[in-house]
Amino acid sequence: MSGGAAKKEEKPRKFQAIKGVRDLLPPETALWNRVEQTAHEVFATFGFGEIRPPIFEPTELFARAVGGETDIVSKEMYTFEDRDETSVSLRPEATASVCRAYIEHGMQQLPQPVKLYYMGPMFRRERPQKGRYRQFYQIGAEVLGGIDAPAIDVEVIEMVMTFFDKLDLQGLRLSVNSIGCRECRPKYVELLRAELLKVKDKLGPDSQRRIETNPLRVLDSKLESEQKIIEKLPRISDHLCKDCAEHYAAVKQELDLRGVKYRENWRLVRGLDYYMRTTFEITAQGLGSQDAVCGGGRYDSLVGLLGGPPTNGIGFAIGEDRLILSLQESGKAPVVRSRDVYIAWMGEKAHATAVRAAKDLRKAGFSVELPPVEQKFGKALGQADKLGARFALILGDNEVTSGEWTLKTLADGSQAKFTEPNLLEHLCRNKALSS
Ligand code: AMP
């Protein structure tokens, strides 16, 4: 609008989170923390240390490691020019960063293998849907260096399963496969390509394109019309070289030895270029079509590809968003406690006592709500109820003068009087019983 016309006051714009990204809010965040804490504990028992790589890296790192031809790099990265005109990208995954860090910090000098884990946000511009976001969280681990013994592959798998069991994740299915090595995989891929060309007309446009770009990915197809055709294609397990076949057989033997249940899935090829030999995927219940909670595999050439010495590597990434979703859907999400004690206080003397009581109770580990201004007891008790507090500690002039404090159990409305030391003891006993 121009001229002298009175401008209508513009309403300030209300902002919303960008499509495909979301806020994680309490009380759900308490569950996220619990999951992450469990990961720290379980991974430490397997001798893994935490690495926190940066969230953005040179674009070239991902192009080189993940593969310029993959969807992740060619379509889904958040890439921008930094002011010094270098191209940087938000990380779409963390394995490339961990390998970069391994080389940059000369970790090949450390006792091998080096066992690292990480957790944090990843960014991919995918089509959002349930269990698929543009900012999502992964918990992952990598074993770098040392020998490529099958027992290492299996220990990594065992670690994930131990973590999932500890969380009581339901309906787990572990699938394993071997996708061969630099020796046997290219020969198999050529054979696959030749077979796919014979049936090209019967395939959908995505698979037709992949015959040229990445024939292995055709095996990933979920298109109903392609299933019968795919089932008749040559299987990599029949074309592994001797070393790969032995490695794969030993992996399966070792899984049995450790009591890890699995099924073989010859179509499990994984989307990223750097995998070789062992690949695995774990699905969980309650997730609909996006039901993979963990994917992983061996990638012996990756560190070399990034300019480091030839180094064996194996790792996995767990989709934390999906893990949480599955726990919630199966009703296995632990109940998160709200406030233990709401302190309903009235009067100046009671204020000082309430402040002291809050300090002591918090020191003892209780979650305490101390209202900043006095409230009528009725209102305070209503507030305590709304917050889901277990107890209300009632402190008025009478209580302060007599030294007898009133504790109300909100679930049944019962009340009891306690002296200050008795109260703490009573609450501690109660907490021990309820936990
Ligand atoms: P990837 O890095 O593609 O092997 O994925 C490993 C795991 O990360 C998958 O099994 C999913 O659980 C999770 N994941 C991958 N992409 C997404 C996404 N866009 N949103 C949520 N979780 C994802």
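The values are calculated or read from the model by the stated rules, or taken from the named source; none is laboratory data. Keep in mind the model is a prediction, meaning the values are calculated, not measured. Glycine also receives a Cβ, built like all others from the backbone with ideal geometry; neighbour counts cover every protein chain displayed. Heads up: the accessible areas ignore ligands, DNA and RNA and are worked out on the full protein's heavy atoms, side chains in. Shrake-Rupley method; radii C 1.70, N 1.55, O 1.52, S 1.80 Å.
Here are the numbers:
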quantity	calculated
Most mobile of Glu226, Glu369, Glu246 in a GNM of the chain (Cα contacts under 10 Å)	Glu369
Candidate residues Cys428, Cys184: accessible-area rank, largest first, probe 1.4 Å	Cys428, Cys184
Partners for Lys228 among lysines (Cα-Cα distance below 20 Å; same-chain residues under 8 apart left out)	Lys198, Lys200, Lys202
Share of carbon and sulfur in the accessible heavy-atom surface of the chain [1.4 Å probe, %]	51
Heavy atoms of His351: accessible area, 1.4 Å probe, square angstrom to 10	70
Efficiency of FRET from Cβ geometry, Glu190 and Ser414, R₀ 60 Å, rounded to 0.05	0.20
P(r), alpha carbons of the stretch 310-424 - 5 Å bins starting at zero, rounded %	2, 10, 18, 19, 14, 7, 6, 6, 6, 4, 3, 2, 2, 1, 0, 0
Neighbourhood net charge (14 Å Cβ-Cβ; Lys/Arg +1, Asp/Glu -1) for Asn265	+3
Gln135-Glu81 pseudo-label distance in nm [points 7 Å out on the Cα-to-Cβ vector]	2.5
18 Å cut-off, amide nitrogen to a point 7 angstrom out along Glu231 Cα→Cβ, residues in the stretch 267-300	267-268
Euclidean distance between Cα centres, the stretch 210-232 to the stretch 265-307, Å	17
Length added when fully stretched, His105-Ala44, from 0.36 nm per residue minus Cα-Cα	19.8 nm
More than 26 angstrom apart: percent of Cα pairs within the stretch 17-149	32
Kirkwood hydrodynamic radius (C-alpha pairs) into Stokes-Einstein, the stretch 338-382, 20 °C and 1.002 mPa s, D in µm²/s	201
Viscosity 1.306 mPa s, temperature 10 °C, Stokes-Einstein D of the chain from Kirkwood C-alpha radius, µm²/s	62
Förster radius 51 Å - calculated FRET efficiency between Ala17 and Asp168 (Cβ-Cβ, nearest 0.05)	0.95
Average accessible surface area per residue within the stretch 216-325, 1.4 Å rolling probe, Å²	42
Extension gain, Ser330 back to Asp206 (0.36 nm per residue minus Cα-Cα distance, nm)	41.2 nm
Probe 1.4 Å - accessible area at Arg217, Å² to nearest ten	50
